[in-house]
Amino acid sequence: MGSYRIGVLLGDDIGPEIVPQAVAVLGAAVESSPGLELQFVDMPIGAYAYETTGYTLPPGTLERLAELHGWILGPLGHAAYPRNDPNAINPHPIIRRHFDMYANIRPSRSLPGVKAMHDGVDLVIVRENNEGMQPDRNMHKGSGEFMPTPDIALSTRVITRKGSERIARAAFELARARGQARAASGQSHPCGVRARVSVVHKRTVFKLTCGLFVDTALEVAQQFPEVEVDDHHVDSFAMVLAMKPQRFDTIVVTNMFGDILSDLAAGLVGGLGLAPGLNVGDRYAMAQATHGSAPDIAGRNIANPYAIIVSAQMLLAWLGQRHADEAAVSAAQKIDQAIELALSQDGIRTADLGGSATTDQFGLAVIQRLCSRQ
Ligand code: NAD
């Protein structure tokens with residue numbers, strides 16, 4: 001029987017509106033899943049934590065997170081934090097780095113009845129999370145960005161064999177699992193293959209860094225003969241992704257390219273409100289939507305909670321796989337089906353999808369679908 005302690009960190013702006021919907025959906029899934037127990041542990045973070053403790057990441061947070069099985073992190077409006085206070089840091093890169101969450105899994109898929117630029121999309125971006133261009137996490141000490149003079153600014157890009165090897169392995173394992181799941185349900189991917197990994201890079205220019213990334217990924221590919229592999233230059237890939245996203249299944253990519261491409265992929269299927277994500281390491285996982293804290297719509301109960309609900313669902317599925325816990329896997333599948341039904345049968349739509357449902361109504365529609373299965 002699976003019993004898990006899940007941290008709940010609301011985040012900023014729309015965070016306190018959307019994260020409780022994800023918690024409520026997980027709670028409802030537990031009700032209909034004998035043998036599954038979830039205990040939620042609230043922890044302050046971000047602007048609220050800064051106001052109440054003087055720190056955006058209060059001391060002791062990392063130690064408390066380490067005692068949990070996983071957690072849900074709401075979006076952080078770090079651009080609005082005080083600039084010159086070292087206690088007002090952006091917490092999420094620190095959390096990702098501290099817990100060695102090297103894989104950022106960001107799916108984009110067409111949803112039933114949701115009008116978007118494309119139909120039939122079912123892809124997932126597997127983004128390296130802890131090195132690359134990101135200066136706030138690619139150094140042991142100090143920053144990957146620096147200014148030797150007031151008129152020169154430099155950024156350092158870090159690509160390692162170890163980082164490339166393990167993100168490639170995560171991508172091939174995911175592609176294989178997606179292929180197996182499709183085969184079991186008698187479905188095929190729109191691109192016509194059982195499973196494929198596309199390695200995205202710019203090795204013509206970044207001969208050493210992208211070269212190491214691609215060569216390492218292609219070495220890993222040899223251990224997965226059941227998964228097809230191809231590789232693309234990031235610029236032409238962006239064009240094909242915009243025009244024919246149905247061609248892609250699983251995409252493995254370095255940190256900054258992956259950050260940009262995953263927002264692009266979200267736009268193809270309906271926008272950032274539909275962009276979930278999971279940060280994964282060997283021991284911990286953190287549910288975190290791709291989008292930011294959306295200060296422009298905060299406090300109005302109109303944000304789309306889909307992305308954070310699906311991120312939490314991905315966390316539950318990950319816990320189920322990691323602990324070989326059928327109840328958790330099955331509860332995650334039920335949430336997936338309930339969301340599909342709320343969208344396709346109940347026609348629930350928040351404002352970003354052209355509807356008038358509130359954040360709460362979206363969450364409630366999913367919960368009602370979950371409860372009606374009992
Ligand atoms: P954003 O993702 O917050 O918003 C971009 C646009 O998408 C806005 O129009 C917003 O209203 C809309 N949007 C985002 N999420 C939505 C949702 N769930 N439902 C409906 N509409 C949604 O990006 P931004 O405006 O560039 O950044 C705002 C803040 O978030 C900044 O402080 C930024 O640094 C931060 N940020 C945080 C994360 C994170 O925590 N992972 C990621 C990106 C940006």
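The values are calculated or read from the model by the stated rules, or taken from the named source; none is laboratory data. A quick note: this is a predicted structure, and the numbers were derived from the prediction, not measured. Positions of Cβ are generated from backbone atoms using ideal geometry, with glycine treated the same way; all protein chains shown enter the neighbour counts. Ligands, DNA and RNA are excluded from the accessible area calculation, which covers all protein heavy atoms including side chains. Shrake-Rupley method; radii C 1.70, N 1.55, O 1.52, S 1.80 Å.
Sum -39500 (n - 2.57) across every DSSP H segment of at least 4 residues in the chain, then divide by the residue count to get the 222 nm mean residue ellipticity, nearest 500. Walk me through the numbers on the way to the answer.
Details: 11 runs with 150 residues, N = 374.
It lands at -13000 deg cm²/dmol.
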Work out the length of the dipole vector of the range 181-322 about its Cα centre, built from +1 on the beta-carbon of each Lys and Arg and -1 on the beta-carbon of each Asp and Glu, and round it to the nearest 20 debye.
220
Counting only protein heavy atoms and a 1.4 Å probe, tell me what percentage of the range 218-298's accessible area is made up of carbon and sulfur.
57
Where is the GNM fluctuation largest for the chain (alpha-carbon springs, 10 angstrom cutoff): P225, P107, P305?
P225
The long-range amide H neighbours of D231, using H built 1.01 Å from N in the peptide plane and a cut-off of under 5 Å, are V199
Calculated from backbone phi, Karplus (6.51, -1.76, 1.60) coupling profile of the range 96-103 in Hz, x at Gly/Pro:
4, 6, 4, 9, 6, 7, 8, 10
Placing +1 on the Cβ of each Lys and Arg and -1 on the Cβ of each Asp and Glu in the range 1-127, which of Y50, G2, G70 has its Cα farthest towards the positive end of the resulting dipole?
G70
When ligands, DNA and RNA are left out and all protein chains stay put, how many square angstrom of accessible area per residue does the range 187-277 have with a 1.4 Å probe?
42
Determine the sum of side-chain charges near F99: Lys and Arg each +1, Asp and Glu each -1, restricted to other residues whose C-beta is under 10 angstrom from that of F99.
+1
Just going by the charge dipole of the range 241-374, with Lys and Arg at +1 and Asp and Glu at -1 on Cβ, which of G277, L343, I302 is farthest out on the positive end?
L343
Accessible area per residue, 1.4 Å probe, Å², for the range 279-373: what's the number?
40
Amide proton proximity set for Y4, modelled H, under 5 Å, gap of 5+:
E37, L38, Q39
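Show me the ranking of peptides 268-281, 158-171 by mean Cβ neighbours inside 10 Å, starting with the highest.
268-281, 158-171
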The range 124-170 accessible area per residue, 1.4 Å probe, protein heavy atoms, integer Å², reads 53
Do you know the relative contact order of the range 261-321, to the nearest whole percent, from alpha carbon pairs under 8 angstrom that are 6+ apart?
36
